[in-house]
């Protein structure tokens, strides 16, 4: 099972974490798995307290005839303001690429093959910061106190229109109220 995202409201902060599980993908001759974990804290009155994105690209080759492959990655669009802020780490046997240049995943030694039948984490990346433009989902909460109760209207909108989010769960903990005099 693969983790999805859960949004948790803790006091005045909203936290995103991996908690929901998705069904496993089907495998093919060359299988590329990309996993990302996004952790962020949004402030109650707007603004971003922290943003931390970590990701990994894993390659699994099942067909020995394809073990000398080169995988070209599409760079983020030039309109993405944080594309140059992403930090990459490469497997020691994989060629490094510059964040702003062509992104090709290939072995340093072209005579060697990628391992067959064994997953290999080839590239990891991370991005951090406090730019609100990096947050993919906008959330507005409008609490309204009544007699003995509080009504909360929540609006959420996908800000990053080029993304598709799946299995997003927004969880709002309700504190226990002691009714004793």
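The values are calculated or read from the model by the stated rules, or taken from the named source; none is laboratory data. Nothing here was measured: the structure is a model prediction, and the numbers come from that model. Heads up, the Cβs are rebuilt from the backbone with ideal geometry, glycines too, and the neighbour counts pull from every protein chain shown.
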Q) surrounded by 15 or more Cβ atoms within 10 Å (Cβ to Cβ), outside any helix (DSSP H, G or I) and modelled with pLDDT of 85 or more: does that describe residue 40? A) no
Q. Does at least one position in the stretch 71-81 carry a residue that is more than 24 Å from the chain's Cα centre (by Cα) and either surrounded by 11 or more Cβ atoms within 10 Å (Cβ to Cβ) or at pLDDT below 80 (or both)?
A. no
Q | Members of the stretch 96-128 found to be under 15 Å from residue 85 (Cβ atoms) and part of a loop (DSSP other than H, G, I, E, B), listed by number | A | 98, 99, 100
Q: Check off (1) surrounded by 15 or more Cβ atoms within 10 Å (Cβ to Cβ); (2) closer than 17 Å to residue 53 by Cβ; (3) modelled with pLDDT under 90 for residue 123 and give me the number that stays unchecked.
A: (3)
Q: Identify, by number, the condition in (1) outside any strand (DSSP E or B); (2) over 21 Å from residue 52 (Cα atoms) that residue 152 doesn't meet.
A: (1)
Q. Since residue 148 meets every condition but one in (1) surrounded by 10 or more Cβ atoms within 10 Å (Cβ to Cβ); (2) at positive phi, which condition does it not meet?
A. (1)
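Which members of the stretch 129-141 meet the condition of being part of a strand (DSSP E or B) and buried (at least 16 other Cβ atoms within 10 Å of the Cβ)?
137 - this is the single residue of the stretch 129-141 that is part of a strand (DSSP E or B) and buried (at least 16 other Cβ atoms within 10 Å of the Cβ).
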